[in-house]
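K.L.:
Let me begin by handing over the structure; questions about it come next.
The values are calculated or read from the model by the stated rules, or taken from the named source; none is laboratory data. The structure displayed is predicted, hence computed values, not measured ones. We place every Cβ from the backbone using ideal geometry, glycine too, and count neighbours over all the protein chains shown. Side chains included, ligands, DNA and RNA excluded: accessible areas come from the protein's heavy atoms. Shrake-Rupley method; radii C 1.70, N 1.55, O 1.52, S 1.80 Å.
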Amino acid sequence: MLLHQTLTGKWQFRQAEADEWYPAQVPGGVHTDLLAAGLIPDPFVADNEKRVQWIAATDWEYRRTFTVEAGLLAQQQIFLVGDGLDTLAEVTLNGQKLGRTDNMFRQYRWEVKSLLDEGDNELSITFDSPLQYVAPRQAERPMTGVPHAIPGGPYLRKAPCHFGWDWGPKLLPIGIWQDIRLEGRNIAKFDDVHLRQHHQNGTVMIEAAISLERWQDDDLTAVMRVSGPDGVTLIGEASISGDSQVVAVTIEQPQLWWPNGYGDQPLYQVELALTDGDHLYDRRSYQVGLRTLELRQVDDEWGKSFTFVVNGVPIFAKGANWIPADSFPTRLTTDHLEMLIRAAVDTHQNMLRVWGGGFYEEERFYDLCDQYGILVWQDFIFACSVYPMDDDAFLENVRREVDDNVRRLRHRASLALWCGNNEMEWGWESWGWAGLQAQPELDDLAEKIPELKPVARQLGRRRPSVDWEILRDAYEQFFFSTLPEWVAHADSATPYWPSSPSSNIPFTDPNGQAQGDAHYWDVWHGGQPFTAYRDQFPRFMSEFGFQALPPLATIRTFADEADWNMTSYIMEHHQKNDSGNGLIIGQMAQTFRMPQDFPALVYLSLILQAEGIRYGVEHWRRNMHRVSGTLYWQLNDCWPVASWSSLDYFGRWKALHYAARRFYAPIMLSIEDAPPQMGLHVTSDLTQPWIGTVRWSLETLGGEVLESGEEAVSAAALNSTHIRTLDFADRITDDNRRRLVFVAELWQGSERVALNIGLFAPNKHLALVEPELTAKAHQQGDQLVIDLTAQSLARFIEVSLAGVDAVFSDNYFDLPAGRTVRLSCPLPPGWTIDQARAALTVRSLHNSF
């Protein structure tokens, strides 16, 4: 019999060796428990982050008393299983030490039957300070890392971003962050179940390679049940006399799983049972999508392609980079997580990159990606740092971590790639890591966190030498040989890539454009104009981005109105990138007139970000014969902050997210503007040709048409089609360029599919006038429907409902004179149409200055 008893729920905790115990919640952590007890201020408000730094420099204890269920206590073997302990823990049961943990990404198991009593049992877990652990090691042998982070993070297998990043706070969670339970076992259990798919002649065989952990040599049977989306269940069985076996079923008419936008996502439920016919000894359940996937890299005229191919169809990857959705991950609800994933789906995204500075996500994340058709580029958890790869104990710890997580995730339909790390090869090759000492001395850190002063006094002010050549060689050995061997052993079906970016040739043009993937940061960090994106032709753009402030409703959660200034102390505290607010203002000055007040500045920062990313994505999608994907940095936030995200911490849509719905549309109209020339392009992700019409006009901002035309569109499948380039050199003069606009509309029959405009002068120089917007709202079922009309060009129209976080069918869009656009959103529950009309607010670029 298979029995489990959860040990989550109500616990107690205290600061190590303190007298008083406080209530705790598991899963959870010290910060959230202290917050619930009213013992610390909210770290996300104002600069309270600084006031809680002592927590990570302190040891903590958790305890729980429990009684073992009678049936469980009678089992032959009983294990204590911890799916996630963060991070340095000593686990004690009834006064007996079970062991220590040092990796938040691993599952730990201990056999405990002999230690359990029939009555009360006490489980105690002591967590050591992560800062006290890394500080002396960093002082002895500095590992170059992120300048925004507390130094020493590479020594500990903990989420790197917990130590701080250029979008995240220095908040290091401590505690039981995933499930903890007792498992009772008899006779045997599954040690490993490896599901593989074999596609041949229109059928799919699902094969399960099984290995057992045994305590008796009984004859057993593995039973596999595969339940399809059509309700049909197939059963396969195999006898197991030893420790391993293979069981399989064949699906004659399989329903294939597709990425979002390319087809449906039918899922099969696969259950493996271990039995002797009368008793169930173990069970595993999996959610499986049937598909083939390859990373196609073939030589071509530009170098070598980098294209994901699913079920034989080349996919243009449209997506973003994913970071942990909360600095305190146990606060993340499944509903909020689904809202974030669904927001990506609703903007036509088909890939998320789980970035290597966070952590391997929980099952619910991958469940949702399977369900919604989101391919996952999965980094291993290494980022932007030098790691002690020459240390055998460190590597053994990582080996177990890799084995746990590859085995856990390899069956996922959504899993598209294992990637070794984030930006480490690029760092070795281009950032001058050898000998770089950019982090503060331990003494400087101890001034900010007094709990570290004893460590600083003990070690003194040391300046040790580091053998960088050894570490560089160890990097190459690990990411180009050791790690891919581990991955191939556990999961030969999923492609492996050594780093992002990389050319797959060690330290050779790792961020180039001939082969592999690329990160382009010259627009943000380098201050280049948005037009610089058009000079880039990577094979796959896996990172690029531009920042914006979060919406004003989010700023209200951490800053009082007295702090509503771009250079105020609190606003700069919630900007973790050096000079980040200045970079936003600099690009803003190149693009727009200066805002009239702080709300206008927030609005301009939002549309500035959207415009920058649009400029890049449209260019790369126009060149999809050469570029195979764009993942902008970043989808989401872990706290309220100015950042590169398109969804803020609360899930509010920034202008960028609405823009993504347009620039990631399966049929995209774009204008390659090079005034006075305007190039018309239609890009298609559809697998069939698309027929429509482009109607264009050169007109004044007030709507007087000077020239117009219509072009038939036959857009090739999975391709970008150049429709026509128009040259208005004989129409555009220095006197009129500020008062003219090029308008292009894509139609299919009576439906306008897209509307885009091109300018002949910068936005800040346009002779905009009050557009005299008219908004008419009515109700259709549970939807609020709004018809908008403008008498003169209205740029970047923002529509909102006061007091409600509404998501509209479109927002931050252009409306040329004389046209009408219809929007909709769910009518807030309990609202009347009159309430909605009263709450409706509309503004455009003209209102910002």
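K.L.:
Determine ³J(HN,Hα), in whole Hz, for all residues of region 116-126 in sequence, where each value follows from phi through the Karplus function 6.51 cos²θ - 1.76 cosθ + 1.60 and θ = phi - 60°; x replaces Gly and Pro.
P.N.:
So the Karplus estimates, Gly and Pro as x, are 8, 10, 5, x, 6, 10, 10, 9, 10, 10, 9 Hz.
K.L.:
Give me, ordered by chain and number, the residues 5 or more places off Asp810 or on other chains with an amide H under 5 Å from its own placed amide H.
P.N.:
Under 5 Å from the amide H of Asp810: Ser824.
K.L.:
For region 564-606, rounded, prolate or oblate, judged on the Cα gyration tensor with a ≥ b ≥ c (square roots of eigenvalues), a/c < 1.5 rounded, else prolate if a/b > b/c? Intermediate values should be presented prior to the final figure.
P.N.:
Values: a/c = 2.39, a/b = 1.37, b/c = 1.75.
Note, shape of region 564-606 comes out oblate.
K.L.:
Could you check the simple spin-label distance between Thr721 and Lys764, using points 7 Å along Cα→Cβ, in nm with one decimal?
P.N.:
Distance between the two pseudo-spin positions: 4.0 nm.
K.L.:
If you take the square roots of the eigenvalues of the alpha-carbon gyration tensor of region 151-285 and sort them as a ≥ b ≥ c, do you get rounded (a/c under 1.5), prolate (a/b over b/c) or oblate? Display every interim value, and only then the final one.
P.N.:
Details: a/c = 2.80, a/b = 1.36, b/c = 2.06.
It is oblate, given that a/c is not under 1.5 and a/b is not larger than b/c.
K.L.:
Counting only helical runs of four or more DSSP H residues, what would the 222 nm mean residue ellipticity of the chain come to if each run contributes -39,500 (n - 2.57) and the total is spread over all its residues?
P.N.:
On the way: 18 runs with 168 residues, N = 849.
The helix contribution divided over the chain gives -5500 deg cm²/dmol.
K.L.:
State the extension gain, in nm to one decimal, for the chain segment bounded by Thr508 and Arg181, taking 0.36 nm per residue of separation less the distance between their alpha-carbons. Please report the intermediate quantities before stating the final value.
P.N.:
Numbers: separation 327, 0.36 × 327 = 117.72 nm, distance 4.75 nm.
Result for the pair: 113.0 nm of gain on full extension.
K.L.:
Using a simple spin-label model with points 7 Å from Cα along the Cα→Cβ vector, what separation in nm is obtained for Gln596 and Trp110?
P.N.:
Rounded to a tenth, the inter-label distance reads 6.6 nm.
K.L.:
Hey, another quick one. Taking the Cα-to-Cβ direction at Arg331 and at Val313 and moving 7 Å from each Cα, how far apart do the two end points lie in nm?
P.N.:
If labels sit at Arg331 and Val313, their model points lie 4.0 nm apart.
K.L.:
While we're on this one: Tell me, what ³J(HN,Hα) does each residue in region 85-98 have, in order and in whole Hz, if you take phi through Karplus 6.51 cos²θ - 1.76 cosθ + 1.60 with θ = phi - 60° and put x for Gly and Pro?
P.N.:
10, 10, 9, 9, 10, 10, 9, 10, 10, 6, x, 9, 5, 8
K.L.:
While we're looking at this one, here's another question. Leaving out ligands, DNA and RNA, and with a 1.4 Å probe, what % of the accessible surface on the chain is carbon or sulfur?
P.N.:
Numbers: 14280 of 31740 Å².
Carbon plus sulfur share of accessible area: 45 percent.
K.L.:
Mind putting a number on the dipole of the chain about its Cα centre? Charges go on the C-beta only, +1 for Lys and Arg and -1 for Asp and Glu, and I need it in Debye to the nearest 20.
P.N.:
With Lys and Arg at +1 and Asp and Glu at -1, about 1500 debye.
K.L.:
Spelling out what I want: for every residue of region 496-502, take phi, set θ = phi - 60°, compute 6.51 cos²θ - 1.76 cosθ + 1.60 (Karplus), and round to whole Hz; glycine and proline get x.
P.N.:
Here the 3J(HN,Hα) series is 10, 9, x, 6, 10, x, 6 Hz.
K.L.:
Can I ask one more? Could you tell me which residue out of Asn719, Val682, Gly9 lies farthest along the dipole of the chain toward its positive end? Charges go on the beta carbon: Lys and Arg +1, Asp and Glu -1, centred on the Cα centre.
P.N.:
Val682
K.L.:
Between Asp560 and Glu710, what length comes free when the chain is fully extended (0.36 nm per residue of separation minus the Cα-Cα distance, one decimal in nm)?
P.N.:
48.8 nm
K.L.:
So how strong a dipole does region 202-278 carry about its Cα centre when Lys and Arg Cβ are +1 and Asp and Glu Cβ are -1, to the nearest 20 debye?
P.N.:
Values: 2 positive and 13 negative charges, 76 e Å.
The calculation lands at about 360 debye.
K.L.:
Rounded, prolate or oblate: which one fits region 167-231, using the alpha carbon gyration tensor with axes a ≥ b ≥ c (rounded when a/c is under 1.5, else prolate when a/b beats b/c, else oblate)?
P.N.:
The shape class here is oblate.
K.L.:
Here's a follow-up. Let's test the formula: R0 of 30 Å, r as the Cβ-Cβ distance of Glu207 and Trp302. What FRET efficiency results, to the nearest 0.05? Before the final figure, lay out the partial values.
P.N.:
On the way: r = 39 Å, r/R0 = 1.29.
Taking R0 as 30 Å, the efficiency between Glu207 and Trp302 is 0.20.
K.L.:
Turning to a different aspect of this structure: Just subtract the alpha-carbon distance of Asp403 and Asp730 from 0.36 nm times their residue separation and send over the number in nm, one decimal.
P.N.:
Numbers: separation 327, 0.36 × 327 = 117.72 nm, distance 6.62 nm.
Here the answer is 111.1 nm.
K.L.:
Using the Cα centre of the chain as origin and beta-carbon charges of +1 (Lys, Arg) and -1 (Asp, Glu), tell me which of Ala188, Ala665, Leu73 is placed farthest towards the positive end of the dipole.
P.N.:
Looking along the dipole axis, the top candidate is Ala665.
K.L.:
Which pairs in the list Lys10/Lys170; Lys170/Lys576; Lys50/Lys576; Lys318/Lys654; Lys10/Lys97 are over 20 Å apart, alpha-carbon to alpha-carbon? Display every interim value, and only then the final one.
P.N.:
Values: Lys10/Lys170 27 Å; Lys170/Lys576 10 Å; Lys50/Lys576 13 Å; Lys318/Lys654 18 Å; Lys10/Lys97 22 Å.
Where the Cα-Cα span goes over 20 Å, the pairs concerned are Lys10/Lys170; Lys10/Lys97.
K.L.:
Need one number: % antiparallel among DSSP beta bridges in the chain, to the nearest 5. Before the final figure, lay out each step's value.
P.N.:
On the way: 162 of 188 bridges.
Antiparallel bridges: around 85 percent, rounded to the nearest 5.
K.L.:
If ligands, DNA and RNA are left out, what is the accessible area of Thr508 with a 1.4 Å probe, given in Å² to the nearest 10?
P.N.:
Counting only protein heavy atoms, the figure is 60 Å².
K.L.:
Moving to a separate point now. Placing unit charges on C-beta atoms (Lys and Arg positive, Asp and Glu negative, everything else neutral), compute the dipole magnitude of region 324-385 about its Cα centre in debye, rounded to 20.
P.N.:
Details: 4 positive and 10 negative charges, 38 e Å.
In debye, rounded to 20, region 324-385 gives about 180.
K.L.:
Say R0 is 25 Å: what FRET efficiency, to the nearest 0.05, do Glu485 and Trp521 get from their beta-carbon distance? Before the final figure, lay out each step's value.
P.N.:
Numbers: r = 32 Å, r/R0 = 1.27.
The formula returns an efficiency of 0.20 here.
K.L.:
Sticking with this one: Hey, with R₀ at 30 Å, roughly what FRET efficiency would Asn48 and Arg137 work out to, going by the Cβ-Cβ distance, to 0.05? Intermediate results must be reported in sequence, preceding the final value.
P.N.:
Values: r = 29 Å, r/R0 = 0.96.
Step by step, r from the Cβ atoms, then E = 0.55.
K.L.:
What accessible area per residue comes out for the chain, rounded to a whole number of Å², with a 1.4 Å probe?
P.N.:
Details: 31740 Å² over 849 residues.
Counting only protein heavy atoms, the per-residue value for the chain is 37 Å².
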